[in-house]
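First comes the structure, then the notes that go with it.
The values are calculated or read from the model by the stated rules, or taken from the named source; none is laboratory data. Just so it is clear, the model here is predicted, and its values are computed rather than measured. Every residue, glycine among them, receives a Cβ derived from its backbone with ideal geometry; neighbour counts consider all protein chains shown. Heads up: the accessible areas ignore ligands, DNA and RNA and are worked out on the full protein's heavy atoms, side chains in. Shrake-Rupley method; radii C 1.70, N 1.55, O 1.52, S 1.80 Å.
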There are 2 protein chains.
Amino acid sequence: MKLASLKHGRDGKLVVVSKDLTRYCAADNIAPTMQAALDDWERVAPYLEALYRDVEHQAVPCQRFHEHDAASPLPRAYQWADGSAYINHVELVRKARGAEVPESFYHDPLMYQGGSDGFLAPRDPIPLKDTAWGCDMEGEIACIVDDVPMGVSSEEAAGHIKLLMLVNDVSLRGLIPDELAKGFGFFQSKPASAFSPVAVTPDELGEAWSNSLIHLPLMVDYNGEPFGRANAAQEATFTLADLVAHATKTRNLCAGTIIGSGTVSNKGEDGGAGKPVSEGGAGYSCIAEIRMIETIADGAPKTRFMQPGDTVSIEMRDAAGHTVFGKIEQEVVAA
Amino acid sequence: MKLASLKHGRDGKLVVVSKDLTRYCAADNIAPTMQAALDDWERVAPYLEALYRDVEHQAVPCQRFHEHDAASPLPRAYQWADGSAYINHVELVRKARGAEVPESFYHDPLMYQGGSDGFLAPRDPIPLKDTAWGCDMEGEIACIVDDVPMGVSSEEAAGHIKLLMLVNDVSLRGLIPDELAKGFGFFQSKPASAFSPVAVTPDELGEAWSNSLIHLPLMVDYNGEPFGRANAAQEATFTLADLVAHATKTRNLCAGTIIGSGTVSNKGEDGGAGKPVSEGGAGYSCIAEIRMIETIADGAPKTRFMQPGDTVSIEMRDAAGHTVFGKIEQEVVAA
């Protein structure tokens, strides 16, 4: 099934959305908010599934669904933790500065605790106070889990993945080096992220959901041009289930916890750096990557980070070409 | 006024507690939960204040308040970010390993994004799977804010501090070095924290609340013995308002965001390392500090980290000797 949170109060109003994202039916009589549904998922999900079937069969009155009326599926969440499943991204960052990737990175995932107290809506502008902060998009996939106990295995974690989304994990590259040098991870360098208009249960993906990964290209367009088409199941060192399991090592995860994949990134056909989409490659899901490739090739980056007026869109289409999650579409604006 | 969340469902039931913490009156007819009250603070707070006056004057029926019935004031929160106001703590850590404190640390606060999806109740045991993880307590003060817009000054931030609490920011010292070496900050090394049974408005502290700091000693007892009596206003490089302002540089903070001070830590009378309480000093608010002092003195630490059976309590008493926030009291148990 497909769920969304229409903009309403702080936590949105839960609605069930048709598979083609054209219609919705209010579900707030079943659970007022997405978080409320997740808090009681085992009991509530069957009612939502039944309503979804009715929406699909046009057996209930529906209203027109407009993606721009949607908040992020969880407009605010109790936890947002972002991994780094695609080591190619990490390898590129390191290579650009001549550093090796530690061997441990291939079996011990990188993960940071992100701010979750307020997410941008999928069509909200990205407020930017200072272009020197180096605003970048990061296209990712993410899952929402139910309650997960401490210390689960990846196999156990897989069963806790209830919903899937796309993310634009906005990053302020100019603030990252100083902040990471302090040793306490990201804080100011990771402002509010945005999630796709719709969250879907894994079964919606059919065969494209396998081994806790989405086997589809993540379509990232930058200023209206194709920028990234990296497949979210390719060169993934870790699955979403691996990342969920990692997050549980020392603590439980509350229902509604969002775990992200990190920037989706594919190698080139020759195993080296990927080519731009315009040259037949899979392109990039963030600007930092193309800058790294430019740095490796020419000694310096030439693509600049996002400035007011620049736009990014992120979506995923199934084998038939239909949008799965709707589209994140954001413009950077001066704050 | 003094507020608590009695254990009830995921988010507790809001109650107003008498100044002496002996009685409570349910406030869920005003706001069902602490988060709901914070979401609508300007409208709701006057009703809670009126109820608090009635509780104090015994003008409403009250029930006996038991601290062990209280969840953390916010049993889960949308944000928990912890600063490092007491640079003495940072200086000690660095000195123990022969490193300098970067000059920037004196004007640019350290802050990490903590997990907020589930806090331990103030009397809950601390579950520990492996003693090699090096379980430590960290006694701190913390504030809860209402909605704070991006980019506020410290002066503006001060007005957003609505409630104050104590924290035991549980840390797994054995996991920290490897995790910080990865560069993404704490995740597995910071399991669930616990907050004091009661959250209080700053006016409850009278003159002890000044310049966004609490001018009282933080009483940390370890295994029943006084371990720390460091004054939370002494040698604070940053105030709680400074830390709130820091957190807003690139994003808004949602009502209910908790900002912590970092481990409270005082220098010794001679400006050097503080002495243990048993030797007339202010002692320590975490085990890591005494281990650092032992390392500086003798080349190696001799106090071990917490193991199952070890207990910690954290509270603060006003000038008249009355508890302000109630007591965090926890025992480490094998998980």
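Data for the structure
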read-out: Positive minus negative residues near B:A45 (Lys, Arg vs Asp, Glu; Cβ under 12 Å); value: -4
read-out: Residues losing 50 Å² or more accessible surface upon assembly, the range A:184-202, compared with the chain by itself, 1.4 Å; value: A:F184, A:F187, A:Q188
read-out: Per residue convex hull volume, Cα atoms of the range B:46-164, in Å³; value: 172 Å³
read-out: Inter-copy separations for B:Q58, label at 7 Å along Cα-Cβ, nm, ascending; value: 7.1
read-out: Ellipticity estimate at 222 nm from DSSP helix runs (n ≥ 4, -39,500 (n - 2.57)) divided over chain A, nearest 500; value: -5500 deg cm²/dmol
read-out: Mean shadow area of the range B:1-86 over all directions, Cα convex hull, nm²; value: 6.6 nm²
read-out: For the range A:21-62 versus the range B:92-145, the gap between their alpha-carbon centres in whole angstrom; value: 41 Å
read-out: Computed magnitude of the charge dipole of the range B:1-111 (debye, nearest 20; Cβ of K, R +1, Cβ of D, E -1); value: 400 debye
read-out: 10 Å Cβ neighbours from other chains, averaged over peptide A:114-126; value: 4
read-out: Distance between modelled label sites at A:I296 and B:H68, nm, 7 Å Cα→Cβ extension; value: 6.0 nm
read-out: Of B:G281, B:G118, B:G321, the one that fluctuates the most in a GNM where chain B has Cα springs shorter than 10 Å; value: B:G321
read-out: Length gained when the stretch A:E155-A:S278 is fully extended (0.36 nm per residue, less Cα-Cα span); value: 40.4 nm
read-out: Residues of the range B:184-335: accessible area per residue with a 1.4 Å probe, Å²; value: 35 Å²
read-out: Closest approach to the axis - chain B beta-carbon, rotation onto A, Å; value: B:G185, 1
read-out: Reduced Cα scattering model of the range A:162-233, Debye log10 I(q)/I(0), q = 0.11, 0.12 Å⁻¹; value: -0.42, -0.49
read-out: Total accessible surface hidden between B and A, rounded to 100 Å², 1.4 Å probe; value: 4600 Å²
read-out: Electrostatic dipole magnitude of the range A:92-236 [Cβ: Lys, Arg +1; Asp, Glu -1; Cα centre; debye, to 20]; value: 540 debye
read-out: Inter-chain shielding of A:129-137 (mean C-beta neighbours from other protein chains, 10 Å cut-off); value: 1
read-out: Accessible area of the protein assembly as shown belonging to carbon and sulfur atoms, whole % at 1.4 Å probe; value: 49 percent
read-out: Estimated FRET transfer efficiency when R0 is 41 angstrom, pair B:R43-B:R317 (beta carbons, to 0.05); value: 0.80
read-out: Rh by Kirkwood over Cα pairs, then Stokes-Einstein D for the range B:94-239 at 1.002 mPa s and 20 °C, µm²/s; value: 123 µm²/s
read-out: Gain upon complete extension [B:Q307, B:E103; 0.36 nm per residue less C-alpha separation]; value: 69.8 nm
read-out: Alpha-carbon gyration tensor eigenvalues x 5, square-rooted, for the protein assembly as shown, Å; value: 41, 31, 22
read-out: Gain on full stretching of the segment that runs from B:A334 to B:H57 - 0.36 nm per residue minus C-alpha separation; value: 95.3 nm
read-out: Convex hull projection area averaged over all views, the range A:238-324, Cα basis, nm²; value: 9.4 nm²
read-out: Relative contact order computed over the range B:45-173 (Cα-Cα under 8 Å; 6+ residues apart), in percent; value: 23 percent
read-out: Normalised per residue, the volume of the convex hull around the Cα set of chain A (Å³); value: 131 Å³
read-out: Ordering of B:6-13, B:137-144, A:8-15 by packing [mean C-beta count within 10 Å, highest first]; value: B:137-144, A:8-15, B:6-13
read-out: Greater than 29 Å apart at Cα, pairs in A:K19/A:K129; A:K190/A:K275; B:K190/B:K249; A:K19/A:K249; value: A:K19/A:K129; A:K19/A:K249
read-out: Peptide B:72-83, shielding by other chains (average Cβ, 10 Å cutoff); value: 3
read-out: Efficiency of FRET between A:D28 and A:K129 - r from beta-carbon atoms, R0 41 angstrom, step 0.05; value: 0.70
read-out: Förster radius 30 Å - calculated FRET efficiency between A:K7 and A:S210 (Cβ-Cβ, nearest 0.05); value: 0.35
read-out: Length-normalised contact order of the range A:207-273 in % [C-alpha pairs under 8 Å, at least 6 apart]; value: 28 percent
read-out: The range A:180-285: GluC sites (Glu not before Pro) in DSSP loop, at most 13 other beta carbons within 10 Å; value: A:E269
read-out: Mean Cα-pair separation over length for chain B, i.e. relative contact order, pairs under 8 Å, 6 or more apart, %; value: 23 percent
read-out: Computed label-point distance, nm, for sites B:K95 and B:A181 using a 7 Å Cα→Cβ extension; value: 2.6 nm
read-out: Integer Hz, Karplus 6.51/-1.76/1.60 couplings in order for the range A:318-329, x for Gly and Pro; value: 7, 4, 8, x, 8, 5, 8, 10, x, 10, 7, 9
